[in-house]
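Everything on this sheet refers to the single structure shown next.
Values quoted throughout were computed directly from the atomic coordinates according to the rules given, and no laboratory measurement underlies them. Note that the structure is a prediction, hence the values are computed from the model and not measured. Positions of Cβ are generated from backbone atoms using ideal geometry, with glycine treated the same way; all protein chains shown enter the neighbour counts.
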Amino acid sequence: MDYFKVHNTRQWTHKFYMAYHFPLYIFKQLGLISDQAFRKPWPAHLGWYLRGYTVEEANQIWDWVAETRVSQNWREDTCQILHQHRQQGEITFLVSGTPVPLLERLARDVNADHVVGTVLEIKHGTFTGRNSSPSCIGDNKVPLTQEYLQENGIEIDLEASYAYADSISDQQLLAMVGNPVATYPDEGLKRLAIERKWQIFPPNL
C-alpha cells in the first residue's frame, strides 16, 4: 500500500480498501472478532491495488517494496536462523499472506528455497484484482502448505521440521511441525507457547 501512497496512485482504491477494513480493527479492539477474523480479509483484498497491472509493471512494485520497505525491517537474528538451516542443508520456506510474486522477490533476498503465499489471479498477462486461491493466512496456511508440498513432490519430515511465527493466528502452522518456535510472539502466541512448552525466541523475551 505504501507504494501507491508514495507514487500518488490508486487513491480511491486505497480509500475504499481502508474504509472496508478499518472497522475490523475496531471490532477486534472491542473483542467482537478474533485475531484471525481481523487478519484474514486484508491479504484477501490486496489484489484490488493490482487490478489492470501487467506482470511486468507489478514487478517494479515488488522491487520497490523489497528494497525501500522490507529490507529495512528484516530482523538480523531471525535471518541468521534461516541461514543456519540452509547451512545444514535443510529446505526453507516462507509461508505468508503476502502475494506470491512479492514473496518470491523477498525470498531472493534471504535465499529461501520455496514460498507459499496468496496467489493473485492473472488473465492475459494482467492482474484481475482477485485471488485465485484462498489467502494464505491463519488456518489456511496448513492446507496451502500441504498442497504446495504435494504438487511439487517435496517430501519432508514434519516431526523433525521447524516453524517460526509471531502471531497467535499462526498456531496451526506451528502445531504442524515437531519444533515450533514462537518468534517475537504477540501476547496470545506467547501465552500459548508457554502453555504448550514451545520454544520462544528470543528466549529472554
Which net charge results when you count Lys and Arg as +1 and Asp and Glu as -1 among the other residues whose beta-carbon is under 13 Å from that of TYR49?
+3
What lysines does LYS190 reach when the alpha-carbon gap must be under 23 Å and sequence neighbours fewer than 8 apart in one chain are set aside?
LYS28, LYS40, LYS141
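Report the net charge of residues surrounding ARG39, where surrounding means a beta-carbon distance below 13 angstrom and charges are Lys +1, Arg +1, Asp -1, Glu -1.
Around ARG39, the charge tally is -2.
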Mind giving me the FRET efficiency for GLN11 and VAL110? R0 is 30 Å, r the Cβ-Cβ distance, nearest 0.05 is fine.
0.40
Can you tell me the alpha carbon radius of gyration of the chain divided by the globular rule-of-thumb value 2.2 N^0.38 Å?
1.06
Before rounding to the nearest 500, sum -39500 (n - 2.57) across all DSSP H runs of length at least 4 in the chain and divide by the residue total; then give [θ] at 222 nm in deg cm²/dmol.
-13500 deg cm²/dmol
Positive minus negative residues near THR145 (Lys, Arg vs Asp, Glu; Cβ under 12 Å)
-3
How about segment 1-88: which trypsin sites (Lys or Arg not before Pro) there are in a DSSP loop, with at most 15 other Cβ atoms within 10 Å of their Cβ?
ARG51, ARG69, ARG75
Using 0.36 nm times the number of residues separating TYR162 and TRP48, minus their current alpha carbon distance, what extension gain do you get?
37.7 nm
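Out of segment 44-137, which GluC sites (Glu not before Pro) are coil in DSSP terms and have no more than 16 other C-beta atoms within 10 Å?
When the GluC sites (Glu not before Pro) of segment 44-137 are filtered for loop state and at most 16 Cβ neighbours within 10 Å, GLU90 remain.
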Give the cross-link partners of LYS123 among the aspartates and glutamates, using a straight C-alpha distance below 16 Å as the criterion and excluding same-chain residues fewer than 8 apart.
GLU56, GLU57
